[in-house]
Amino acid sequence: MSNVIHLLSDAIANQIAAGEVIQRPASVVKELMENSLDAGANNIHLVVKDAGRTLIQVIDDGKGISEDDAVMAFERHATSKISTADDLFALSTMGFRGEALASIAAVAQVELKTACSNDSAGTLLRIAASRIESQESVACMRGSIFSVKNLFFNVPARRKFLKANETELRNIITEFERIVLVNPQIAFTMKHNDVEIMNLPVSNLKQRIINVFGKRLNARLLTVNAETSFVNVTGFIGTPDSSRKRSNMQFFFANNRYMRHPYFHKAVVNAFEPFISAGEIPNYFIYISIDPASLDVNIHPTKTEIKFENEQSIWMVISGAVKEAIGKSSALPGLDFNREVSIEMPVYDRSRAGNNSPGIRLNPGYNPFGSGQRAYNSPSHAYDWEKLYDKNNTSGADTGNQAEITQPFPENLSEEHRNMLTYHGKYLLTPIKSGLCVIYQRRAHIRVLFDDYMQRIVGKEGVSQGVLFPEVITFTHKEAAVLPVLLDDLAYIGFDLADLGNNSYSVNGIPAGLENINTVEALKDILDKVIETGCEIKEEITEALALALARKTAIPHCKYLTDEEAASLTASLFSSSSPNYTPDGKIIIVTLTDDEIDRRFK
Ligand code: ADP
Ligand code: MG
C-alpha cells in the first residue's frame, strides 16, 4: 500500500491562512464528517455524548487509512489532497488544509480505528494532546472510526468556555445539517446520548430536506431551477405560507459547500416580499453551481462567506428563479397584498432549539455598554430604552409578541403618552395636544440609538469586553481600505481589533453587552454600509458607523411593544437630538392635526 499522505511545503503552508480550526465540538464534527466525505464514504454515523464534551465519534465506510499513514494524518499540514499551491484553486474536496486532525489531536484524546480493506489488518492509534500513546493492529472493517474524547481536556479555560449543552448541540446539528443537505446520496445517522436524533437514508434532495426538517414541509416546497451560461441555481423554496418570523431553514450552497450570503438572502426575501408578512423569513435551500474560477477563494478555516465575481448577475438569476417558482405554484392563497401582519409564533420544536428561545427576553439590567451611569442631559433618557433591544435578535426578524419587562413605569411621562396604541407592530399612535401623532417605531429607535452611539464615540466612553478566543476576520480589499479610518471610532465603541496583516484582524474585544451578536457579521455589515455611503470626511464616516450600528441593533420592522416599552421609546425619542427625522433623513413622526381629522368627518 503506497503512502499517499505527504507534508505540505512551508511555502504553501504559509499561503494558507492559519486560524482557529477547532473552536467548539461542532468544529470537530464538521472536520471529521468532511474527511469521511472526502474518503468516499457511503454511510456516515455521528455519535455524540454530552453535546460533544465527552465524545464525538464519526464512523465511516470510506477508503480508510493505511497503518503507515495513520500517524502521518495527525501531523500538521499533512494532507493527501493537495501538494501545490495551484491545487488550492481547484478544490473539489472539503478539507484541504491538512490541519484538522492535528488540531483536534492537540486538544483531545483521540482514537482512530481504521482499515483500508475488509481483509487486511486494521490499525488502532491512540493520541492525546498531540502525543502518540499507542498503535496496534486490530481487526476491523474497511473505513475509519474517529473517536474524539474529552475535548479540551488539557485546556481547562477553553473547556469552561463551552456554552450550555443545548447551544453546543444546536451548533453540532447545524453543522450536520449543512453537510447532509448536500449529500443526499449518502446515508447518515446521528445519535446524541444514545438517542437517535436523525436517520437519513439515501434519497433524493427533496426527500432529504423533508427527512431533516420534518414532514410538515411536505407539499410546502417549491422547485427552483434556473440554468444560465454562467451559473445554475437549483433547489427548493418554502411556500410563502410556510414563512415564519423565526426560522432556521435558510440555506445557500455554492458548489456543494454551505455559505452565508446576506446579499443573495435579500434577493430571495425581496422576491417573496409581496407574498409574506413583514418580518417573516422565507425558507429556502438554494444550490448555486458556478465555475470555481469566478469565486474569490479566501481560505479561512471557519469561513462560510464567499465572494463571487459577478454578484449582481447572480442576484438577478436567484431573484428570477425564486419569483418564477412562486409564480408557478398553485399553492398560493391568492395575491393578497393587504394581509394582516401575522403575529403567530412559528411551530417551536423544543428538541431542536438552541439558545434561541422564542419571545423576547428583556433583561432589566441590560445595558449594551455596561458602563454604568450615563451622561444624559435629559431626565427622560434615564429610561432604559436599550431594553427594547433584544440581544437575541439582531437579524431584523421579529421574535413574537411575548415581551416581558420588569422596569417600573416611567413616572414623569404625561398621561397622554401612556395612552398609546401599537399598530401592526410598526407604528405607535399617541394623542398629543394638537392631534394624533404616529411614530414609526424602528426609525424612532434608530434615532435614539444613533444619538447614543455618537455620544459614545465622541465621548470615547464605550466599554470593551475582552473575548477569550478571538475570532479572525478577513476583510476584502475594499473593506480593509476603509478600516484604518474607522479603527479609532470602533475602539471608542468597544471593538478591539488587532491587525494580523493581509487584511486579517483578530477581534479581541467587542462592545460590552453585544456579546450575543455575531461580531464578524456585524462588522462586515457595518463596513459595507459605510462603503455604500461612500463618505470621505472623518465626521461623516463616524456618523455612517453610528448609523450602521444603530440599524444593526434597533428593533426590527415589526415588533409589538409593551406599554412600558412604547412609553420608554417615546420618551427617549422626544428628548433625542432630532425626533422628527432619522440620521439619514427619513420621517419618524407624522402628526394628524385635530383640524385634519375633523375635516375628514365633514
Ligand atoms: P485534510 O482533510 O485537510 O487533508 P485532515 O487533518 O483533516 O486534513 O486529514 C489529514 C489526512 O488524513 C487527510 O488528507 C486524509 O488523507 C486522511 N484522513 C482523515 N480522515 C480520513 C477518513 N475518515 N478516511 C480516510 N482518510 C482520512
Ligand atoms: Mg480534513
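None of the figures in this text is laboratory data; all of them are computed from the coordinates on show. Everything numeric in this text was worked out from a predicted model, so none of it was measured. Here Cβ is always computed from backbone atoms with ideal geometry, including for glycine, and neighbour counts include all displayed protein chains.
Determine the dipole magnitude for segment 207-328: charges of +1 sit on the beta-carbon of Lys and Arg, -1 on that of Asp and Glu, nothing else is charged, the reference point is the Cα centre, and the result goes in debye to the nearest 20. Walk me through the numbers on the way to the answer.
Working: 14 positive and 10 negative charges, 133 e Å.
Using only the charged Cβ atoms, the result is roughly 640 debye.
Students often check this: by mean Cβ neighbours within 10 Å, which of 454-462, 277-285 ranks highest, and how do the rest follow? Numbers along the way, then the final one.
Details: 454-462: 17.2, 277-285: 23.2.
With the highest mean Cβ count within 10 Å placed first, the list reads 277-285, 454-462.
Could you order peptides 98-106, 577-585 by the average number of other Cβ atoms within 10 Å of their residues, highest first? Intermediate results must be reported in sequence, preceding the final value.
Numbers: 98-106: 22.6, 577-585: 14.4.
Descending packing order for the listed peptides: 98-106, 577-585.
Provide the packing ranking of 478-487, 208-217, i.e. peptides ordered by the mean count of other C-beta atoms within 10 Å per residue, highest first.
Descending mean neighbour count gives 208-217, 478-487.
Quick check: Cα centre of segment 110-153 to Cα centre of segment 442-482, how many Å?
So the two Cα centres are separated by 47 Å.
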